[in-house]
Amino acid sequence: MTPRQNVRPRQPAAAQIHPSILAADFARLAEHAETAIGADALHVDVMDNHFVPNLAAGLPLVESLRKATGIPLDCHLMIENPDRWAPQYAEAGASSVTFHAEAAAAPVRLARQIRGLGARAAMALNPGTPIEPYEELLPELDMLLIMSVEPGFGGQPFLDLVLPKIRRARDMISRHGLELWLQVDGGISDTTIERCAEAGADVFVAGSAVYGTADPAEAVAGLRALAERHQSRGL
């Protein structure tokens, strides 16, 4: 298949907010997703009931969303065998495709495949997975996702134990001079985003903190403002 036009912008000019559609109303998903006006991307959780004990989304949903909205799609694959499936999400129109380090057999080759199809290549680490073994792999990535809850279900409380790992990841990124986005996902709200921003994250996935509010657009703006204020403190 001919690669799509490259959609991999580099370092974000400001904090990015990626609302998770897992918290949206699936009965009117496309409509509800777009209520988060100002969002930088829609975070789409894909789960196979094997890698994580839950089942959600999939290629048909991503293809449908791509036709229904112009907002970039940030697909997070919590699945076994991402080496086989992840490139198909790039082909389906995802702007960013995230695979898990714990599941990928050949992460360098997979990241290069995703990039070759014009999408951003991202790798996720579960809360208990250390960052250090993957330091040499970071130049192959466009984004690193640090999970701040155990993957599989929305609405879990934020795990503070990941904050030192976010700091170590930011130090590695800076030390190597990489233009690598650092994303955090799980329990992000107006009470936790500031700690993640101070630790060095610049892309934030928020579910109920956006779609569980009366005004998702206002929630996006508020979260971004909090993150940017505390990013400057961290720097």
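For the chain, set up a GNM with springs between Cα atoms under 10 Å and report which of 185, 202, 48 has the largest fluctuation. Looking only at 185, 202, 48, the largest GNM fluctuation is found for 48.
Give the shape of region 137-180 as rounded, prolate or oblate, defined through the alpha-carbon gyration tensor: a ≥ b ≥ c are the square roots of its eigenvalues, a/c under 1.5 means rounded, and otherwise the shape is prolate if a/b is larger than b/c and oblate if not. The shape class here is oblate.
Rounded to the nearest 5, what % of the DSSP beta bridges within region 16-234 are antiparallel ones?
Taking every DSSP beta bridge within region 16-234, about 5 percent pair in antiparallel fashion.
How would the chain be classified by its alpha-carbon gyration tensor: rounded, prolate or oblate, with rounded meaning a/c under 1.5 and the a/b versus b/c comparison settling the rest? In terms of gyration-tensor shape, rounded. Model label sites at residue 105 and residue 161, defined 7 Å from Cα along the beta-carbon direction, differ in position by 3.1 nm.
Computed from backbone phi, the HN-Hα couplings of region 156-161 come to 7, x, 5, 9, 4, 5 Hz, rounded to whole numbers (Karplus: 6.51 cos²θ - 1.76 cosθ + 1.60, θ = phi - 60°; Gly and Pro given as x). What is the antiparallel percent of DSSP beta bridges lying wholly in region 41-123, to the nearest 5? For region 41-123, the DSSP antiparallel bridge percentage is about 15. A simple count of charges around residue 68, restricted to other residues whose Cβ falls under 15 Å of its Cβ and scoring Lys, Arg +1 and Asp, Glu -1, yields -1. Extension gain for residue 28-residue 54 works out to 7.2 nm (0.36 nm per residue, less the C-alpha to C-alpha distance). When a/c reaches 1.5 or more, the comparison of a/b and b/c decides; with that in mind, is region 55-165 rounded, prolate or oblate per its Cα gyration tensor? Since a/c reaches 1.5 but b/c is at least a/b, the shape of region 55-165 is classed as oblate.
Each Lys or Arg adds one and each Asp or Glu subtracts one; over the other residues with Cβ under 13 Å from the Cβ of residue 153, this totals -3. Here region 80-94 is scanned for amide nitrogen atoms under 19 Å from the site 7 Å beyond the Cα of residue 66 along Cα-to-Cβ, giving 82-94.
Values quoted throughout were computed directly from the atomic coordinates according to the rules given, and no laboratory measurement underlies them. Please read all numbers here as calculations on a predicted model, not as lab measurements. With ideal geometry, Cβ positions are generated from the backbone for all residues, glycine too; neighbour counts draw on all protein chains shown.
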